[in-house]
Amino acid sequence: MILVTLIAVLFVGGLACWLSERFNPDLPRLIALLTVLLDFALMFSLLGAEGTSTWVAVFEAPWISRFGISFYLAADGLSVLLLMLTAFLGVVAIGAAWDEVQERPGFFYFNLLWTLAGVVGVFTALDLFLFFFFWEVMLIPMYLIIAIWGHENKNYAAMKFFIFTQVTGMMMLVSILVLAYFHYLQLGSLSFNYHDLLNVSLTGEMGMWVMLGFFISFSTKLPSMPFHSWLPDAHSQAPTAGSVILAGVLLKTGAYGLIRFAVPLFPEASMAFAPVAMTLAAVSILYCAKVAFAQDDIKRLIAYTSVSHMGFVTLGIYAWNEQALQGAVMTMLAHGLSAAALFMLAGGLQHRIHTRNMPDMGGFWPKVPKMTAVAIFFSVAALGMPGLGNFIGEFLALIGAFQANVTLTVVAAFGLILASVYSLWVLQKVFQGEYNNRGFDDSHLTDLSRREMLYFAAMMIGLVWMGLYPQTFLSMSEPVLAQLLSESAQTLVTSLEGGL
Amino acid sequence: MTITIADLFLILPVLVLTGTAVLAMSAVAVGRNYPVTAFITVAGLLLAALSAVTLMPGTNQQVTPLLIVDPYSLFFAAVICLSAMFIAVLSYPYLEGLDDDREEYFLLLGVATVGAVVLVSSNHFVSALLGLETLSMSLYGMVAYTVHSQKADKYPLEASVKYLVLSAAASGFLLFGMALIYGQTGTLAFASLTDLSESSLGNGFSVVGLLLITAGLAFKLSLAPFHMWTPDVYEGAPMPATTYLATIGKAAVFVVLLRFVEISEALALAGILTVLSFLAVLSILAGNLLALLQQNVKRLLAYSSIAHMGYLLIAVVASYYVEGRVGIEAISFYLVAYIIMSLGAFGVTSMVSRSDCERDTIDDYRGLFWRQPLLAAVFTAMLLSLAGIPLTVGFIGKFYLFFAGVEAALWPLLAALIVGSGIGLYYYLRIIYRMLEPAVSPDQSTMSPELSFGSYGVVLCLSLLLLGLGIYPAPVIDLIEAISTYV
């Protein structure tokens, strides 16, 4: 029941934000903040809960019995970690929007909370129809956030975002339906239940096609080469809060889908496909790092680095061993914080000087010392400095991947070097050097406010925690990943025996 | 064959509708009164819908060789009567300011509904043709209704004549096809085709007859390549007439098509499936691609309806391959969804329009979100539903179609469905984005100063249905599963 409450609170809070606007334009942001904090607090009750299996909370109710669809929510350690990340970044996003969104705030916070509700649904749904339902539900509010509060080219960016994710989503829908239909053929009843569908054996060419439906949808969201082109546009045009949610949370739904659904449902096809997926990941890492280096628009640059970092996640997932998966999960969490922080910095700069063009900037250090310090911290985190979360994640992912595919891992590791290059490059361009104003109004170029410092400090603590004592997080996801691994190994063994 | 009182009781919806038309006509003869005529029509339509609903449980009987009264036909009779009632309510404010006689419009609407109800109850060529012609004849009148008005915004005469000429040609095809089949079988019941032996099929007459019938129905359903008339007629007709044409005009014909292919087992004949698949893909692609180019909301929705008819045809093809009734269920559910969302979308455009001032370019909707939040929210929901986004009934409908397609393993058609839906997103989102933009000129804010209470009720009711069936569709799915066994 707690899971239903988590989602319902956000939906209801969103409606309250919209309605409260007419009474006082400051009310929506307050309601939104309280709603997300309440949700965050409720999530802590999941931490202590001990379930019989790895599932700590389960809710199931019949929904559309004609198709064997049920309203089935469940959370395990992996979901809980991502739920916490979602709520935490939800609070941060509201902070980012606090002063920035002046226009129609009620509708803005409505969309923000509904996006979060969709994400919470995605991380907890275990009925594939329900999963797809939430997968799509989070799109529309995000589209509206970009289309209404975005920057100069918002229509194009919002449209591209929507069409990419929706069209690939429909491919996933077809795959889900094929899977459910095969369950009907093999086991005699229609079901969209995750546990039931794990028993379906889809082999050969059909298995590969159906797996590809999932893979394309998830790797578009992730995003991975060659489906990444929507992301730089969406990020550069979205308002800061939108970027925070997009980079911090929405991208992680793709990775979550790969770990939870794409590989476990089709272990054989995934194993066959792993070299291709890992190659795509390595190409993503290097190519997008290189492209990032060529950007003038600071938000586009960060967007490309996101694609590059998410490459480590794909690499880790398709290596499919414990270390690699732990690395992927850690990277998801750490990147969620570091990318969100970097987007907030870029957004903060844009809010102050109304440009994202890096050649116009330079020598901001003396003007905004606190902001510079924060920027250095998060850039260094993003480039994988030991002691911070990103290092743990990428290091584990690489160790794990090394056991699976040496060549690709060696190639991908060069991404770490490129990451240092572009991170330091940004610092140099924006904060170091001579201050000279190249045609923008610097009257609002003020240092970080206390509220902003508070948010950044919270994210810094998170990253340091992940870097110095990752065991807190690892021990939550460990049993889940171990079970996924053993289940898929079992399936592979059975099918091998069947083959012999 | 004699008709008993019990038989008359079974066709109560048709009788009520006919009575309503006669009563409305008498009322006009006594004295012209716009509200009274409208009220009689709305009440009559509601009564007909209720009588269809009451008859539904347990009724399954052939009334004369022409009409079949079973839960399936009664269900669609009820849906059609309710939709017609909604359209009547929406028409009221639209025609209120017309500088010409206004009352006869409701007569035409009632008579058209008689045709539609006969159509969904027919399993015989004669009743199908009678229903179709009753429907079409009334629609010619409705499309041309504002023709004598000095201030009419549109080109009703052009639209009506175009529709009349092309529709008559299509009826010609249909009749010729029926004649060819009659020549082989000697009867006009749909079931007659199943009696044909292999040898008589070989001579080709039946296949040619079937293809002619398919062409005739494809014209009425505006499937590509028989779709040319649709955008012009939609654009030229007054908004409520367009709504009628786009919703009831399509759904009733689709039901008769479905019954025909199911009873006659026509899909088993060589080539018919290929033709239908071809029509489906062509409609999906042509409809969606041409909709991209439109600046006029009516034309855009016209092309989108062409695409939606193509989606539905996928389920018709699938119904041949699947065991069980999934194909028929998918079609029935999608038709209901299509009626709800089209009614809603056209309903909003009707509400902001008047007979002397139609708001039908996309630019007219600029900033609607900030001027009329409720209307814009309804319109957005309807468009998202047409695009098949979750939380709306359109998603469940599309899910059903996908399901039928997957079960029948129609991969090329499913690919067309995905591509078509992807293109579709673009033009639906374009309208939504335009509504989100800030309004440009202050004179736009005067658009539709007085919104009628009844129309608001209708679009709100439709939105509730849209969301309700999108979130909890189980009751309607169960109902449709039960009635689909009767087809």
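Nothing in this text is a laboratory measurement; each read-out follows from the coordinates by a stated rule. Keep in mind it's a predicted model, so treat the numbers as computed, not measured. Reconstructed Cβ throughout: ideal geometry from the backbone, glycine too, with neighbour counts over all protein chains shown.
Take the alpha carbon atoms of the range B:300-360, find their center, do the same for the range A:415-457, and report the distance between the two centers in whole angstrom. Cα centroid of the range B:300-360 versus Cα centroid of the range A:415-457: 53 Å apart. Each residue, A:His151 and A:Ser475, gets one label point 7 Å from its Cα in the Cβ direction; the gap between the two is 4.4 nm. Residues of chain A were split at every exposed loop site, defined as trypsin sites (Lys or Arg not before Pro) in a DSSP loop with at most 12 other C-beta atoms within 10 angstrom, and the longest piece left, sites excluded, is A:23-437. For the range B:212-260, chymotrypsin sites (Phe, Trp or Tyr not before Pro) meeting the loop criterion (DSSP other than H, G, I, E, B) and having at most 12 other Cβ atoms within 10 Å: none. Compared with the rule-of-thumb size 2.2 N^0.38 Å for a compact globular protein, the protein assembly as shown has a Cα radius of gyration ratio of 1.01. Sparse packing (at most 16 other Cβ atoms within 10 Å of the Cβ) combined with a DSSP loop state is found for the following trypsin sites (Lys or Arg not before Pro) in the range B:123-179: B:Lys151. Taking 0.36 nm per residue of sequence separation and removing the Cα-Cα distance, the A:Lys367/A:Ser229 pair yields an extension gain of 46.2 nm. At an R0 of 22 angstrom, the distance between the Cβ atoms of B:Ser452 and B:Leu292 translates into a FRET efficiency of 0.10.
Over chain A, the reciprocal of the mean inverse Cα-Cα separation, the Kirkwood hydrodynamic radius, stands at 22.7 Å.
Give the calculated FRET efficiency between A:Val493 and A:Ser420 to the nearest 0.05, with a Förster radius of 35 Å applied to their Cβ-Cβ distance.
0.25
Inter-label distance, B:Glu265 to B:Phe39: 5.5 nm, where each label sits 7 Å from its Cα along the C-beta direction.
Within a straight-line Cα-Cα reach of under 30 Å, B:Lys154 can be paired with the following lysines, leaving aside sequence neighbours fewer than 8 residues apart in one chain: B:Lys162, B:Lys220, B:Lys250, B:Lys298. When a/c is below 1.5 the answer is rounded, else prolate if a/b is larger than b/c, else oblate, so apply that to the range B:348-418 with a ≥ b ≥ c taken from the square roots of the Cα gyration tensor eigenvalues. Prolate shape, in that a/c is at least 1.5 and a/b is the bigger ratio. Calculated FRET efficiency, B:Val440 to A:Ala41, Cβ-Cβ distance, R0 = 45 Å: about 0.50 to the nearest 0.05. Amide H to amide H distances under 5 Å link B:His124 with B:Phe190, where only residues 5 or more positions off or on other chains count and H is placed in the peptide plane. Free of any GluC sites (Glu not before Pro) that DSSP assigns to a loop and that have at most 12 other C-beta atoms within 10 Å, the longest stretch within chain B is B:1-322.
Restricting attention to chain A, the count of lysine pairs at 8 or more positions apart or across chains with alpha carbons under 18 Å apart stands at 9.
Spatial offset of the range A:310-357 relative to the range B:33-68 amounts to 62 Å, using the alpha carbon center of each. Per-residue mean of foreign Cβ neighbours for A:101-109 is 1 (Cβ atoms of other chains, 10 Å radius). For the pair the range A:49-124 / the range A:234-249, the C-alpha centres are spaced 17 Å from each other.
Note on the range B:5-486: along the principal axes its Cα atoms extend 72, 55, 41 Å, ordered by decreasing extent.
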